[in-house]
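Colleague: Provided herewith is a single structure, encoded as structure tokens, for subsequent inquiry.
Every number here is computed from the coordinates shown, using simple stated rules; none is lab data. Here the structure is a predicted model, which means the values were calculated and not measured. Cβ placement follows ideal geometry from the backbone for every residue including glycine, while neighbour counts extend to all protein chains displayed.
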Amino acid sequence: MPYYWYEQFWLAEPRYDQRIRISTRTQGQLTQKVWQTPIGTIAEETTFSPDSCSIAHNKYAVTNKAELEVFRYLIENRRLKPECIEDYPKRLELWQRYDGIPAIAIPRSPLSAFFYEWTGVINGIYLLLDFPELVREIFQLMEKQEEPILEAVCELRPPLVHFADNLSSDTITSFYEELMEPGHRHRIARLHQAGIKCAVHLDGVVQGLLPKLARVGFDAVEALTPYPGGDLPIERMRAVANDDMVILWGGVPGILFAPPYSWEDMKRHVEHVLECWAGTRFVLGVADQVPPDGNIEFCRNISKLIQAWKP
């Protein structure tokens, strides 16, 4: 089904106080972004990889306490403006013609945003452990700024909203109950009250977080990567979720779309997923993405396989 369109994905755009100056410079595949504030400057450096069609950080903006203080100033002088909402009904109508739904995402949870956007996981953990009060103060500010976005989404009432926290159990599990679960519960309660379903992104290592995400009330857990790409075989995922109602979404590793794997390899795997998850709530999907050298014809073949499949 059609789902992602990244240019129209995020529902919030940050707006900073006029005292903050932001500059971006790109040279070749390298991009440098600088945030200048009255109390100091922070900067990040990223590189685009044409081979993988992805962007990676060479340097994160926040690596020490001084930069953490500048980051707090940035957040204190930032607000989130609702975005990609006005044209959503038109996109929904278009996607539904092809049995799909447009993906839209509320801002990442504070812990996830901290790790993946500003500090990197390793630096983020050190900062969290060395300066817990300061980091938690920043997280509280970030959560308050989400409220206008939640209000706008609840007024829009889309069928589904994505929590694009990009979770993996090897980095988040031990922090989840204290630093992420309360925010997830708050968001889910607000959205469910408005009749909106909630999906969350979890791929790679899934065993630690899958039952926790099911427990807090997510309707679907998306991009579940099976062993050996992830840490759980297909046949154990439902038992680990410990919830018969949560929708398991994924199951087809992206690597199977690319050489040296053949359609026969893919066919055997998809049939195994259908057999293991039959009789439960699931969405068969790529975990996480079809790679740049993947065979897109496999998507059509999988669709035909599903239509012809009999349990």
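Colleague: Quick one: which residues, 5+ away or cross-chain, put their amide H under 5 Å from the amide H of Gly204? H built at 1.01 Å from N.
Modeller: Residues meeting the amide H criterion: Thr225.
Colleague: What is the local net charge at Asp243, summed over the other residues whose Cβ is closer than 13 Å to its Cβ (Lys, Arg +1; Asp, Glu -1)? Spell out each step's value before the answer.
Modeller: Numbers: positive: Lys212, Arg215, Arg238, Arg281; negative: Asp219, Asp244.
That sum, taken over residues with Cβ under 13 Å, equals +2.
Colleague: One quarter of the convex hull surface, Cα atoms only: what value does that give for the range 81-160 in nm²?
Modeller: Averaging across all directions leaves 6.4 nm² for the Cα convex hull.
Colleague: Sticking with the crude label model, points 7 Å out along Cα→Cβ, report the distance from Arg281 to Glu86 in nm, one decimal please.
Modeller: The two pseudo-label positions are separated by 3.5 nm.
Colleague: Same structure again: Mind running the shape call on the range 226-266? Use the C-alpha gyration tensor, a ≥ b ≥ c as the square roots of the eigenvalues: rounded below 1.5 for a/c, prolate if a/b tops b/c, oblate otherwise.
Modeller: Prolate shape, in that a/c is at least 1.5 and a/b is the bigger ratio.
Colleague: Springs between alpha-carbon pairs under 10 angstrom, Gaussian network model over the chain: which of Leu68, Leu274, Leu94 fluctuates most?
Modeller: Leu94
Colleague: Expected output is a single nm value to one decimal: the length gained when fully extending between Leu160 and Ile122, i.e. 0.36 nm times separation in residues minus the C-alpha distance. What is it?
Modeller: 10.4 nm
Colleague: Gln29 to Tyr6: FRET efficiency via 1/(1 + (r/R0)^6), r the Cβ-Cβ distance, R0 22 Å, to the nearest 0.05?
Modeller: 0.70
Colleague: Using +1 on the beta carbon of Lys and Arg, -1 on that of Asp and Glu, and nothing else charged, what's the dipole of the range 78-127 about the Cα centre, debye to 20?
Modeller: In total the dipole reaches around 180 debye.
Colleague: Ranked highest first by the average count of other Cβ atoms within 10 Å around their residues, in what order do 74-86, 204-216, 151-163, 104-116 fall? The partial results should precede the final answer.
Modeller: On the way: 74-86: 16.1, 204-216: 20.8, 151-163: 17.7, 104-116: 22.6.
In descending order of packing, they fall as 104-116, 204-216, 151-163, 74-86.
Colleague: What shape does the range 37-101 have by the C-alpha gyration tensor, where a ≥ b ≥ c are the square roots of the eigenvalues, rounded means a/c under 1.5, and otherwise prolate means a/b greater than b/c and oblate the rest?
Modeller: Oblate.
Colleague: Now, a different point. Relative contact order for the chain: what is it in percent, counting Cα pairs under 8 Å that are at least 6 residues apart?
Modeller: 13 percent
Colleague: Let me ask something else about it. Need one word for the range 152-197: rounded, prolate or oblate. Basis is the Cα gyration tensor (sqrt eigenvalues a ≥ b ≥ c); a/c below 1.5 gives rounded, then a/b vs b/c decides.
Modeller: prolate
Colleague: Now for a separate question. Using 0.36 nm per residue of separation minus the Cα-Cα distance, give me the extension gain between Glu177 and Tyr16 in nm, one decimal.
Modeller: 54.9 nm
Colleague: If each of Met245 and Glu45 carries a label point 7 Å out from its Cα toward its Cβ, how far apart are those two points in nm?
Modeller: The answer from the label model is 5.1 nm.
Colleague: Rounded to two decimal places and with Rh computed the Kirkwood way over Cα pairs, what is Rg over Rh for the chain?
Modeller: 0.97
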